[in-house]
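Below is one structure, written out as structure tokens; the observations come after it.
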DNA sequence: GACCATAATGATACTCCGTCTCGGAGATTA
DNA sequence: TAATCTCCGAGACGGAGTATCATTATGGTC
Ligand SMILES: [Zn+2]
Ligand SMILES: [Zn+2]
Ligand SMILES: [Zn+2]
Ligand SMILES: [Zn+2]
């Protein structure tokens, strides 16, 4: 049950954009051997419906019919499969958002909570070199940038 | 009570280096209006005695005679006054270590837990520019770099 | 469709980390 | 000495995430 993908649907009502995203993610999970279940789809579509980085608890209350553990499990699965990425706020609160794939970092607005991907920034090289100077072989890093987005900028 | 600073101590036995560090920190706190108390000194000297980044709980068990709340309060005070900095491990575990003052980042060995300050790395500029490109005004950032230290490096 | 192995679910208990509360003990000042 | 204030410690509390485990749903096979 649940919305099945109408492959060649002529001129029916188009489903909301997010539905396509959900189908897409579910398909990728299936390829990896994970089942297509209703609670999982609910979690994924709730994730896709968010417009800003959200917390796991927010997702739980947006999905009162899905068990808390299931929401957390779904979220973890999405992170592990790179569909969702985690961002860390200045107060160390952990939030999630749909990933645009590939390694990247986020700009987070401290006022409205908006997030943008950090483009045109090649820290990796620089960090690797600096690490080497200290005798370290870099294997990873965590970077979050905070500030105010265009809309929240003032004075 | 408690070790007082022997200003001009002739040729007595030198106290452990860390004692000087403790006195120094306590003095700075006093300047800020905080009292010089025994539990506080115990916390500070336990901090100074650590050779690697440590967790709050580790500190608690290293100080069985000091209340848990007091250890946490002391730690928080030290962070707020910039005497101690916080580092975040890859699994998001929070650890602490004596600060070398000023804004800087850390290199953390994923094997032995050693930490080194990241020198000669000017990410700030780069981040600020990249943020501006996205219409953000950067106000802060969090960066941790993970890898293997020289001793733990292998093939 | 029926059957089955097993992946997934959800209620709930639990752990972990850190903060709050509050009565009491010292310091500090008047 | 009395009043005030910081600090202390025991323990209650709260939020976030995980573990447990009986039950259910899924997807492949016949
Ligand atoms: Zn990066
Ligand atoms: Zn904003
Ligand atoms: Zn920096
Ligand atoms: Zn190491």
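The values are calculated or read from the model by the stated rules, or taken from the named source; none is laboratory data. Since the model is a prediction, treat every value here as computed from it, not as a measurement. Reconstructed Cβ throughout: ideal geometry from the backbone, glycine too, with neighbour counts over all protein chains shown.
The numbered conditions (1) under 24 Å from residue A:86 (Cβ atoms); (2) away from every other protein chain (no Cβ under 13 Å) are all true for residue B:77 except (1).
Please go through the stretch A:30-51 and give me each residue that is part of a loop (DSSP other than H, G, I, E, B), away from ligand 2 (no atom under 16 Å from the Cβ) and exposed (fewer than 12 other Cβ atoms within 10 Å of the Cβ), ordered by number. So that I can check it myself, show each step before the final result.
Filtering the stretch A:30-51 down to residues part of a loop (DSSP other than H, G, I, E, B) leaves A:32-37, A:50-51.
With the extra rule that they be away from ligand 2 (no atom under 16 Å from the Cβ), the set shrinks to A:32-37.
Scanning the stretch A:30-51 gives A:32, A:33, A:35.
Those helices (runs of 4 or more DSSP H) of the stretch B:52-155 in which 1 or more residues are within 13 Å of DNA strand D (Cβ to nearest atom) and surrounded by 13 or more Cβ atoms within 10 Å (Cβ to Cβ) occupy B:56-62, B:68-80. Scanning the stretch B:130-145 for residues that are over 16 Å from residue A:104 (Cα atoms) and either within 22 Å of the chain's Cα centre (by Cα) or more than 7 Å from chain A (Cβ to nearest Cβ) (or both), which turns out modelled with the highest pLDDT? So the residue we want is B:132.
The residues listed here are B:91, B:117, B:122; of these, the one that is touching a strand residue (DSSP E or B) at 6+ places or on another chain (Cβ under 7 Å), closer than 25 Å to residue A:139 by Cβ and within 14 Å of chain A (Cβ to nearest Cβ) is B:117. Taking the stretch B:26-41 as the range and being closer than 17 Å to residue B:101 by Cβ, within 13 Å of DNA strand D (Cβ to nearest atom) and within 19 Å of the chain's Cα centre (by Cα) as the test, the residues that pass are B:26, B:28, B:29, B:32.
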